[in-house]
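In what follows, a structure is listed as structure tokens, so that the remarks can point back to it.
The values are calculated or read from the model by the stated rules, or taken from the named source; none is laboratory data. It should be emphasised that the depicted structure is a prediction, and the values quoted were computed from it without experimental measurement. Keep in mind that these areas ignore ligands, DNA and RNA; they rest on the heavy atoms of the full protein, side chains included. Shrake-Rupley method; radii C 1.70, N 1.55, O 1.52, S 1.80 Å.
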Amino acid sequence: MKQFYETYGDAPILAALLRVLFWSKHLLFLSWCKSPEEKQFYLVSAARSRWSHRELHRQIMSLAFERAMLLDQKLASR
């Protein structure tokens, strides 16, 4: 619970999304995501796309955040 508060305590923007997802998905965010931006990306994506726990884990393991950031950089450089 302490880690949960430390992670989301300073993020009032995400407060509404926190209630949408189950606890098991938050455990994935806490254990696998390093940066606040990465946590926000997966939190928003999971809520918007209604990913299951298994799908969220698959997206994190396949580095969806990193791929999205690389795609944004490629598009910005054009």
Quiz prompt | Contact order relative to length of the chain, as percent, for alpha carbon pairs under 8 angstrom and 6 or more apart | solution = 27
Quiz item: For the chain, what is the accessible area per residue in Å² when the probe is 1.4 Å?
Solution: 74
Quiz item: Which percent of the Cα-Cα distances in the chain go past 22 Å?
Solution: 23
